[in-house]
Amino acid sequence: MLVGVPKEIKDHEGRVGLVPAAVRELVAHGHRVLVQEDAGRGAGIFDEDFRRAGATLVNDAESVWSSSDLIVKVKEPLAAERKLLHKGQVLFTYLHLAPDPDQANDLIRSQASCIAYETVTGPRGSLPLLTPMSEVAGRMSVQVGAHCLENAQHGRGILLGGVPGVAPANVLVLGGGVAGTNAVLMAVGLGAGRDGGGPLWRCVTASCRSVRHAHQDGFPDPGDLGASRRGGGSCHRHDSDSWSRCAQIDHPRHAARHETGLGHRRCFH
């Protein structure tokens, strides 16, 4: 199979569909890889890296799109790229078709087989290709939030982790999925959510329909929600369709994850 990697042309997109290690793996299994020049520059990967991995470099996108059996991208193809798709070709990328009917119609007309990363599902219902993006989003959310707290950004002038004598910011994360869990880990790592009274609790119980409860200082003890305290106990299900993640914000080294029952449960101690 001839695998093509065109350069991303969407604004502010610097990623590349394949890294040299993936190219090397494909070549080792007998496939050929065609990479557009400078496709990886925005990610800090240079043409010579792809050449050493066994790829063939071409200087224009049309050569990649017209010759390749499989096109591997990062973002959805823009209108100019969709015109280059043809019958029998396979496109593998993030598509996010729901808000973009023009793209959906163009892909149908192309008669190409288009596989969206975000719909690839694991044996147990996981979304392995969407999970890394959620991890990035969760970690960036705390970084962006800290930036927005600065006076220069018209924030309240609060340092997320505080300094001796100055209390840190309190962080409430709604939802404990992949993004929420990574946001909590980042907030803990930056020293948020501590005062003189000891560790603070931030708990969220939610279902696929809505956020059920949000608990913080002064609200019901998270122990009532099944959050285990330091040294013992475990999370448990509250009803058949809900999930909860409870965090006692202390120190990253004390973080321990527990998963019980059939539900998705996480406790951080």
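Looking only at the stretch 117-128, how many residues end up being assigned to a loop (DSSP other than H, G, I, E, B) and either out of contact with any Asp or Glu (no Cβ under 7 Å at 6 or more places or on another chain) or in contact (Cβ under 8 Å) with a residue 60 or more places away in the chain (or both)? Talk me through it step by step, then tell me what you get.
So in the stretch 117-128, the residues assigned to a loop (DSSP other than H, G, I, E, B) come out as 120-128.
Subsequent filtering for residues that are either out of contact with any Asp or Glu (no Cβ under 7 Å at 6 or more places or on another chain) or in contact (Cβ under 8 Å) with a residue 60 or more places away in the chain (or both) retains 120-126, 128.
Going through the stretch 117-128 one residue at a time, the tally reaches 8.
Taking the stretch 44-69, which residues are more than 23 Å from Ala80 (Cα to Cα) and either of a type in the set (A, V, I, L, M) or part of a helix (DSSP H, G or I) (or both)?
Correct list: Ile45, Asp47, Glu48, Asp49, Phe50, Arg51, Arg52, Ala53, Ala55.
Residue-wise test of (1) part of a helix (DSSP H, G or I); (2) assigned by TED's automatic domain parsing to the domain that holds His86; (3) at pLDDT 95 or above; (4) of a type outside the set (Val, Ile, Thr).
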site	(1), (2), (3), (4)
Ala104	yes, yes, yes, yes
Ile115	no, yes, yes, no
Val136	yes, no, yes, no
Val144	yes, no, yes, no
Gly157	no, no, no, yes
Leu174	no, no, no, yes
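Identify the residue in the stretch 82-116 that is free of Cβ contacts under 8 Å to residues at least 60 places away in the same chain and among the hydroxyl-bearing types (Ser, Thr, Tyr) and, among all such residues, is surrounded by the most Cβ atoms within 10 Å (Cβ to Cβ).
Ser110
The values are calculated or read from the model by the stated rules, or taken from the named source; none is laboratory data. Predicted model only: the values in this text are computed from it and were never measured. Quick reminder, even Gly has a Cβ in these numbers, built from the backbone with ideal geometry, and neighbours come from all protein chains shown.
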